[in-house]
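These notes concern the structure reproduced below.
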Amino acid sequence: MNYYDIVFSVLQRWYERFAQATPKIVVGILVFSLIVMFSSYLSKLTVRIFHRFFPKSKNTSFIVLVKTFKFLIILMGTFIALEIMGLGGFVLKFVGSLGVAGVIAGVALKDLVSSMFSGALIGIDKAFAVGDYVSIKEISGVVESIGFLTTKIITDEGKKVYIPNQLIFSAPFVNYTTSGQRKVFIDLQIANSQDLEQATKVILNEIKTFEFADHVEQAEVIVLKQNFGIFYLEARFSMKTGENMTRIRSEALMRLKKKLDESAIQLATQTSDSLSN
């Protein structure tokens, strides 16, 4: 037997096996096609049944659940079709080998994979979006972009900070934009020689003129304590969504200082404290 005969016999054997498997392949493709066609209907039906048995889960996003069950149904249809074609054993062995390789790669690339999945979860959960003012790991700023591996934030100082996505879900973070009720706290000190009641009225009236303040009717001035002839006050007001906290604190303090000076009310200093004592 020469080489041509060997090659011909191999090709003939493959052809015979393919001819024998053709009916199974056709049936498998038909079954898979039907499952894909009805996957949307079956996934919605499955979600309704799921909500019936677990009514407390109705707050979960309907679209996310439908997509999840649709993926599971198509995955199940794939394995059924492969089993009909007679390729189930081969696929399981192949998946098993990939699993071993995946474990090795997962250990080596744990942080990278964690950031990738966290980036996907940020898009699904929508805890914050581009343009929101957030505080993550003691870093505050405006979200510039949400990447596959990192989230870029522009801080109040103008710095661009890259935060790995895996860190976002490892600790609590704050989205100030969505709350819309971010408050500004300004500490003021008034000597006991000044009219405390008049100072409180002047501060409140000036806060009501702030164009960056929100719900000014809820603004308040609290007397925290009195110590060594000095009253420690705290002015509180809500800021409008999207405003810069650092800039607002600075502008509000300057305007309050100017208004108190115009009203002949002096803020306490070490000099005034010594004189009063």
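Below, the figures for the structure above:
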quantity	calculated
Residue count, the range 188-199 (criterion: in contact with a Ser or Thr (Cβ under 6 Å, 6 or more places away or on another chain) and either among the charged types (D, E, K, R) or surrounded by 15 or more Cβ atoms within 10 Å (Cβ to Cβ) (or both))	1
Filter result (over 16 Å from Lys126 (Cα atoms) and either free of Cβ contacts under 8 Å to residues at least 24 places away in the same chain or of a type in the set (S, T, N, Q) (or both)) within the range 138-152	Glu138, Ser140, Gly141
Selection count where residues are open to solvent by 50 Å² or more (accessible area, probe 1.4 Å) and more than 12 Å from Met239 (Cα to Cα), scope the range 205-217	3
Members of the range 10-26 that are of a type in the set (A, V, I, L, M), open to solvent by 70 Å² or more (accessible area, probe 1.4 Å) and closer than 12 Å to Met85 by Cα	Val26
Breaking point among (1) surrounded by 15 or more Cβ atoms within 10 Å (Cβ to Cβ); (2) in contact with a strand residue (DSSP E or B) (Cβ under 9 Å, 6 or more places away or on another chain); (3) not charged (D, E, K, R), for Val202	(2)
Lone qualifier among Phe185, Phe237, Phe228 - being touching a residue at least 40 places away in the same chain (Cβ under 8 Å), of a type in the set (Phe, Trp, Tyr) and buried (at least 16 other Cβ atoms within 10 Å of the Cβ)	Phe237
Residue match in the range 48-59 (condition: at pLDDT 65 or above, under 30 Å from Gly147 (Cα atoms), under 23 Å from the mean Cα position of the chain (by Cα) and open to solvent by 60 Å² or more (accessible area, probe 1.4 Å))	no
Members of the range 232-249 found to be under 16 Å from His215 (Cα atoms) and assigned to a helix (DSSP H, G or I), listed by number	Ile248
The lone exception for Ala252 - which of (1) in a helix (DSSP H, G or I); (2) open to solvent by 70 Å² or more (accessible area, probe 1.4 Å); (3) modelled with pLDDT of 85 or more it fails	(2)
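The values are calculated or read from the model by the stated rules, or taken from the named source; none is laboratory data. The model shown is predicted, which means the values in this text are computed figures rather than measured ones. Don't worry about glycine lacking a Cβ; one is built from the backbone with ideal geometry, like all the others, and counts go over all protein chains shown. Side chains are part of the model used for accessible areas, which takes the heavy atoms of the whole protein and leaves out ligands, DNA and RNA. Shrake-Rupley method; radii C 1.70, N 1.55, O 1.52, S 1.80 Å.
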